[in-house]
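Just below is one structure, and these are the notes that go with it.
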Amino acid sequence: MKVGFIGLGIMGRPMALNLLQGGHEVTVWARRAESMQPLRDAGAKAAASPAGVAALVEVVISMVADAPDVREVMLGEGGVGSAVSLNKVAQGGLVAVDMSTILPAAARQMATELQALGVDFLDAPVSGGEVGAIAGTLSIMVGGSEAAFAKAKPAFECMGKNIVHVGDSGAGQVAKAANQIVTGVGVLTVAEALNFAAKNGVDPAKVREALLGGFAYSKILENHGQRMLDRNFKPGFKSWMHQKDMNIVMQSAHQLGLCLPATAAAAQMFNAMVGSGLGEEDSIAMLKLLERLSGVEG
């Protein structure tokens, strides 16, 4: 297919590269020209604007920071929506896919506005971090029409392994918010457990080894727990990004009048991470924050 990719950061760059490696013809755009160069070197075309991308492709994907950024590239001046009349290649209509993490309500609103312009919209946030983006093993949670999902699926298959059409517009973002509840609370609980062991004078590595064999096992304990022990806080998913995602969950809970006590506590801890200068480190630096609070030498 002819696929466009907008946003070439930690996640977007390897995702776009995997599309190229999957045999698709890729056109890219990013705010900084230097971000596009590795993709151009790999064989991608570069466009001058999101509209320039959308005019040349069948499926256009965005991977940016938050809802205002998605709205700008999709519906702003020179955005995807303004290129519909220029597109000569999208048989059956252009499909726009946003793979960022935003409020479900924002995804639904953009789907409505883009549909009025003749663009099918899918919200398709991902889980798996930088490692999954590089390996092409992301979990992709999709909201939108069956027809648009079928058209975009060959692109999804280059970027992920667990691809689920969850439901109508916004459903992908609801699934991602649920994912962030589990991962956000999970990171906090694993950090608490390892810090608890250290404060008691017991080897956290041995405690983790013991926990991996029982009902406490989780991917977070296995993967992130090891990275915590290795003091590997190099960002694959920065703390400020997890703070943003937890805020999305809490905003949605507020709108629904929904009680999420464990999530609320984790959200406050991510707020504290950002406030204490750990925002640019990986979310597993939660361990460092707990160590500071409890007087444990890191």
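The values are calculated or read from the model by the stated rules, or taken from the named source; none is laboratory data. Predicted, not measured: the structure shown is a model, and the values here were computed from it. All Cβ positions, even for glycine, are placed from backbone atoms using ideal geometry, and neighbour counts span all protein chains on display. SASA here: full protein model, heavy atoms, side chains in, ligands and nucleic acids out. Shrake-Rupley method; radii C 1.70, N 1.55, O 1.52, S 1.80 Å.
Given a Förster distance of 22 angstrom, what is the FRET efficiency for Leu212 paired with Ala265, based on the Cβ-Cβ distance and rounded to 0.05?
Plugging the Cβ-Cβ distance into 1/(1 + (r/R0)^6) gives 0.35.
What percentage of the solvent-accessible surface of the chain, computed with a 1.4 Å probe over protein heavy atoms, is contributed by carbon and sulfur atoms?
Answer for the chain is 57 percent, counting heavy atoms of protein chains only.
Can you give the extra length, in nm with one decimal, that the chain gains between Ala205 and Asn162 once fully stretched, where that is 0.36 nm per residue apart less the Cα-Cα distance?
Net length gain for the segment: 12.4 nm.
Over all pairs of distinct alpha carbons, what does the Kirkwood formula give as the hydrodynamic radius of segment 1-81, in Å?
By the Kirkwood definition, the hydrodynamic radius is 12.1 Å.
GNM on the chain, C-alpha springs below 10 Å: top fluctuator among Ala205, Ala111, Ala65?
Residue with maximal mean-square fluctuation among Ala205, Ala111, Ala65: Ala205.
Apply the Karplus curve 6.51 cos²θ - 1.76 cosθ + 1.60, θ = phi - 60°, to the phi angles in segment 267-283 and return the couplings in whole Hz, x for Gly and Pro.
For segment 267-283, the Karplus-derived couplings read 4, 5, 5, 5, 4, 5, 4, 5, x, 9, x, 9, x, 8, 8, 4, 4 Hz, x marking Gly and Pro.
Between Gln226 and Phe196, what length in nm is gained on full extension when 0.36 nm per residue of separation is reduced by their alpha carbon distance?
Contour length minus Cα-Cα distance gives 9.2 nm.
Roughly how big is the chain's charge dipole about its Cα centre, with Cβ charges of +1 (Lys, Arg) and -1 (Asp, Glu), in debye to the nearest 20?
With only Lys, Arg, Asp and Glu charged at Cβ, the dipole is about 240 debye.
How many percent of DSSP beta bridges within the chain run antiparallel, rounded to 5?
15 percent
How far apart, in nm, are two points set 7 Å out from the Cα along the Cα-to-Cβ line at Ala48 and at Val131?
4.3 nm
Below 16 Å, Cα to Cα, which lysines can Lys238 reach? Residues fewer than 8 away in the same chain don't count.
Reachable lysines: Lys288.
Which whole-Hz ³J(HN,Hα) couplings does segment 93-109 yield from phi under the Karplus relation 6.51 cos²θ - 1.76 cosθ + 1.60, θ = phi - 60°, glycine and proline marked x?
x, 6, 10, 9, 10, 9, 10, 6, 10, 9, 4, x, 5, 5, 5, 4, 5
I'd like to compare 213-220, 276-283: which one has the highest average count of other Cβ atoms within 10 Å, and what's the full order after that?
Peptide ranking by packing, descending: 276-283, 213-220.
Keeping every protein chain present and rolling a 1.4 Å probe, give me the accessible area per residue for segment 189-228 in Å².
Computed with neighbouring chains in place, this is 61 Å² per residue.
If the chain between Ser294 and Ala105 were fully stretched, how many nm would it gain, using 0.36 nm times the residue separation less the Cα-Cα distance?
On the way: separation 189, 0.36 × 189 = 68.04 nm, distance 3.90 nm.
Taking Ser294 through Ala105 to full extension adds about 64.1 nm, to one decimal.
Dividing the convex hull volume of the Cα atoms of segment 185-298 by its residue count, what figure in Å³ per residue is obtained?
Values: hull volume 11.8 nm³, N = 114.
In segment 185-298, the Cα hull volume divided by residue count equals 104 Å³.
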